[in-house]
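Peer 1: Sharing a structure, written as structure tokens. Questions coming.
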Amino acid sequence: MRGLVALMGCLAALALILARTDAARVEARTQIAGGASARSELRATNTVTYSLYLPIVARAPSCAPIPGETYNTVAPIPPVTDPPAENDPDKNLALRGYVPTNAYLGLVDYPGHADPNAPQLPGLFSDNRTPTFAAVYRVYDWDWNCNCRGELLSDWEVTLAGFAVTPGEIIRVPRAGYDIGWLPDGFQVMVLYAATNRITLKYTREDHVVYGYTLHIENICVEPNLLALYQSWNAAGRTQLPALYAGQGIGRAMNDELGAAIRDTGSFMDPRSRKDWWQGR
């Protein structure tokens, strides 16, 4: 027994010496090159090398191009609006912002007249479905006197809806009973604004939201070729802007919720209205 205790004591002392020795210096180094695999190396001065290989970071599938899609442009009806689109709260919804609200998650029925040619939001989806409402929001007004965010819009209980989607699914242009007057092509909408995660579509060719319908789509990874086309013409003075057909793919869902806000002659409307945007549902 005493021999065993002595042996254990020697082993403990040896372990302590090894832990404190200056020769046991550990260096951690991580290398990342060109989006390929990352490697961390732990090297000790006794020439023993340990390597840890991290997973390859692949391009997010939600941002992949849509096979077979090509994009064209049209000349917007002048004048080009001021300020630039990225600084215009009527085009870039991020400037206004929105907050969640506790309203009914589903279609609602309002009395009154409905435009039979209004954009139909089931067309956002390849299967033309009535989606599950994941969340609802209220958009902020804009105070043009101070050029700053105002109070929450109060005309409607909801002014932006969040639809349940599958990350990476293709999002499309909803069909309306109008085109943008550029025959014989029959383009449905013109792109007023596009960024990596949002797009604004106009159902007329004016470079503003005063006339006709406007659709803001949030949490969409805009198709990279469409985004590049918009950015190039926007930088060149907006003498041309992308034009899209009904049903054309414009991007992919970034996560499990897609946001949509729709406007009529500039006013934000309730996207849950059955008689307006979900006719026959």
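FYI, it's all coordinate maths here, none of it is from the lab. Keep in mind the model is a prediction, meaning the values are calculated, not measured. All Cβ positions, glycine included, derive from the backbone under ideal geometry; neighbour counts span all protein chains shown.
Peer 1: For Thr239, are the conditions met, namely being in contact with a strand residue (DSSP E or B) (Cβ under 7 Å, 6 or more places away or on another chain) and among the hydroxyl-bearing types (Ser, Thr, Tyr)?
Peer 2: No.
The rows are residues; the columns are (1) surrounded by 15 or more Cβ atoms within 10 Å (Cβ to Cβ); (2) of a type in the set (Gly, Ala, Ser); (3) touching an Asp or Glu at 6+ places or on another chain (Cβ under 8 Å).
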site: Gln188; (1), (2), (3): yes, no, yes
site: Val191; (1), (2), (3): yes, no, no
site: Leu229; (1), (2), (3): yes, no, no
site: Trp233; (1), (2), (3): yes, no, no
site: Gly237; (1), (2), (3): no, yes, no
site: Gln248; (1), (2), (3): yes, no, yes
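Peer 1: Across region 201-231, what is the number of residues that are more than 17 Å from the chain's Cα centre (by Cα) and among the charged types (D, E, K, R)?
Peer 2: Going through region 201-231 one residue at a time, the tally reaches 4.
Peer 1: Before we move on, is Ala243 in contact with a Phe, Trp or Tyr (Cβ under 7 Å, 6 or more places away or on another chain), not aromatic (Phe, Trp, Tyr) and not in a loop (DSSP other than H, G, I, E, B)?
Peer 2: Yes.
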